[in-house]
Amino acid sequence: MSSNRKLALTLVAVLLTWGTGVARSLASDDTWITTKIRIALMTTDGAGRDAVKVDTEHGKVTIHGTVDSEAVKEKAEATVRTVGGVTEVRNLLQVVKESSQHAVKAEDKDVKEGVEKALKADRNLDGIKVKSVDNGLVFLDGTATSLARSLQAIEVAYGVRGVRQVASGIETKEK
């Protein structure tokens, strides 16, 4: 085999390896961006919480789902635009009139106990605590091993009866 051919094959192999690494890196960045967006939406009052679905590809974000007002649609888009790494936002949210469902009212002490119990049920959330509850607004604090665990804690809190909003002061060990 000629040295030019060996050099060409080596170059192709290097480029393929580099390309695979870049693709993996971009996918990882998109996962990180999506997680940060979901946390931002779930902890920003009036931004649609978990009704907004998020897809990210190379920093370009598409939000979709149904929300109950134009204001929520706009707030969700504005919230997404604040997340680092977002290069473009495509807002496909549909406004559907608010249903007759109303938030379930519960005593703050019951909400706090419920969230604490739900967090304790998952060992992955050991470092996360309920700092306070005020009129259904739950403030989470502590440390999570990753951004995904932080999001998981917020989702767990929203699953408790009487939780109206979740705010997060959770620090993550992952940077």
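When the stretch 67-84 is filtered for residues that are surrounded by 15 or more Cβ atoms within 10 Å (Cβ to Cβ) and not basic (Lys, Arg), the ones remaining, listed by number, are VAL67, VAL72, GLU74, ALA76, GLU77, THR79, VAL80, VAL83. Can you work out which of the residues in the stretch 29-53 that are of a type in the set (Ser, Thr, Tyr) and under 8 Å from the mean Cα position of the chain (by Cα) is farthest from LEU92 (Cα to Cα)? Restricting to residues being of a type in the set (Ser, Thr, Tyr) and under 8 Å from the mean Cα position of the chain (by Cα), the top hit is THR35. Of all residues in the stretch 158-175, those that are among the β-branched types (Val, Ile, Thr) have Cβ atoms under 8 Å from Cβ atoms of residues that are in a loop (DSSP other than H, G, I, E, B) and at pLDDT 90 or above, 6 or more apart or on another chain, in THR172/THR145; THR172/SER146. When VAL83, VAL72 are checked against the criterion of being at pLDDT 90 or above, under 16 Å from ILE39 (Cβ atoms) and among the aliphatic types (A, V, I, L, M), a single residue qualifies: VAL83.
The values are calculated or read from the model by the stated rules, or taken from the named source; none is laboratory data. Just so it is clear, the structure is predicted and the values come from calculations on it, not from any experiment. Here the Cβ is made from the backbone with ideal geometry for all residues, glycine too, and neighbour counts use every protein chain on show.
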